[in-house]
1. Restricting the first residue to segment 193-217 and requiring it to be under 24 Å from residue 232 (Cβ atoms) and not assigned by TED's automatic domain parsing to the domain that holds residue 175, which pairs with a second residue that is crowded, with 23+ Cβ neighbours inside 10 Å and at pLDDT 95 or above meet a Cβ separation below 9 Å and a spacing of at least six or different chains?
2. For residue 253, which of the numbered conditions (1) farther than 30 Å from residue 59 by Cα; (2) touching a strand residue (DSSP E or B) at 6+ places or on another chain (Cβ under 8 Å); (3) surrounded by 18 or more Cβ atoms within 10 Å (Cβ to Cβ) fails to hold?
3. Residues that are buried (at least 22 other Cβ atoms within 10 Å of the Cβ) and in contact with a helix residue (DSSP H, G or I) (Cβ under 8 Å, 6 or more places away or on another chain): which helices (runs of 4 or more DSSP H) entirely in segment 101-195 hold 1 or more of them?
4. Counting only residues that are surrounded by 15 or more Cβ atoms within 10 Å (Cβ to Cβ) and over 18 Å from residue 168 (Cβ atoms), how many does segment 217-237 have?
5. Applying the selection to segment 196-215, what residues are more than 18 Å from residue 158 (Cα to Cα) and surrounded by fewer than 16 Cβ atoms within 10 Å (Cβ to Cβ)?
6. Residues of segment 225-252 being within 23 Å of residue 152 (Cα to Cα) and touching a helix residue (DSSP H, G or I) at 6+ places or on another chain (Cβ under 7 Å), which ones?
7. Would you confirm whether any residue within segment 4-13 is surrounded by fewer than 17 Cβ atoms within 10 Å (Cβ to Cβ), in a strand (DSSP E or B), touching a residue at least 24 places away in the same chain (Cβ under 8 Å) and more than 18 Å from the chain's Cα centre (by Cα)?
C-alpha cells in the first residue's frame, strides 16, 4: 500500500516557518504586505482570494484587497498595477487568474514588478529559473519539490516524467526537477505512447488537466505519483488527473485530491511573500535582511 503524502501537514509546517521569518523581518523594520487584485465575481476566484487573505492573516502578513468590477478595462487594471509597483508598503502583487476575456493576461503579468511577482509568472522570473539564478518561483511546482523533499523522496538521479506543459505548472516543474538533478521528460496530451513513457518514471507528476487519465497501467511498480489536477467527478466529488484507487496499489507514495498539492500552493505563496521582502532589501542595500534565504 502506498504512503499517502499529507499536503495539509507539510503546508502547515511551511506556513509556520514563514510566520517565524515574517516576524523576524517585521521586528527588524521591514513591512510585508500582499496586494490581491480580483477582477469580476467568478465564484471560484472568490474562494481562492478569501483563502489567500486568510493565509496572510494566519502568518502575520498584511493583505491589501482590490476587488474590481467585471467591466474594468485593461488600462484601468494596468494603472492599478503601476500604482502598486510604486507603493513602498506593498511588497507583493497577485492578480487572480483567470481574468475577463477582454483583458490580456500576458500584458498584466508583464506589468507586475518582477520583485513583487509572488506568483513567479513574470518572464524575468521565469528566465531566472531557466538559467539557475535567484528569483520568485511559481508556487505549485515549488510546493511539489517541498512535498518530495519533506517526505524523504530523493530526486537526484531519478527518472522524472511531467505530464503537462503549462507555463504555470508543467514547464517550471521540469526546470525545478532539473535543478534537483533529476532526469526529466516532459510529456503532454499529444505525446505518442504516453502510457509507455509514464511507466519509465520513478517520479510521475500528473498535471495534464484531464480527470483520472493516469491509471495503474501508466505506473511503474514503486513509483512516486504527484497529482496536480483538480476536477469534479460524476458524483460531484473532487478528483485529480490520477485514478487514485487503482494507482495507490502500485506506487510507493501518492498525493491525494484534495489534501495533496492544493494546500502547498498557498503555503508557497506565503513563502514567496516573505522571500520577496528579503530579496528586495538584499538588492537595494547590498546586504542581507534577517534570516536570509529559506534554502
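The values are calculated or read from the model by the stated rules, or taken from the named source; none is laboratory data. As the structure is a computational prediction, the values presented were derived from the model and not from experiment. Note that we place each Cβ from the backbone using ideal geometry, even for glycine, and neighbour counts take in every protein chain shown.
1. none
2. Among (1) farther than 30 Å from residue 59 by Cα; (2) touching a strand residue (DSSP E or B) at 6+ places or on another chain (Cβ under 8 Å); (3) surrounded by 18 or more Cβ atoms within 10 Å (Cβ to Cβ), residue 253 violates only (1).
3. On the way: elements: 105-111, 123-130, 139-150, 170-179.
Correct list: 123-130, 139-150, 170-179.
4. Here is the first cut: in segment 217-237, the ones surrounded by 15 or more Cβ atoms within 10 Å (Cβ to Cβ) are 218-220, 223-230.
Pick out the ones that are also over 18 Å from residue 168 (Cβ atoms) and you get 218-220, 223-225.
The total comes to 6.
5. Filtering segment 196-215 down to residues more than 18 Å from residue 158 (Cα to Cα) leaves 207-215.
The answer is 210, 215.
6. Scanning segment 225-252 gives 225, 226, 227, 228, 247, 249, 250.
7. Going residue by residue through segment 4-13, those that are surrounded by fewer than 17 Cβ atoms within 10 Å (Cβ to Cβ) are 4, 8-9, 12-13.
Now restrict to residues that are in a strand (DSSP E or B): 4.
Filter once more, so that each one left must be touching a residue at least 24 places away in the same chain (Cβ under 8 Å): 4.
Those left that are additionally more than 18 Å from the chain's Cα centre (by Cα): 4.
The answer is yes; a qualifying residue exists.
So that you can scan it fast, the table gives a plain yes or no per residue for (1) touching a strand residue (DSSP E or B) at 6+ places or on another chain (Cβ under 9 Å); (2) closer than 23 Å to residue 261 by Cα:
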residue	(1), (2)
17	no, yes
34	yes, yes
39	yes, no
44	no, yes
53	yes, yes
56	yes, yes
66	yes, no
77	yes, no
80	yes, no
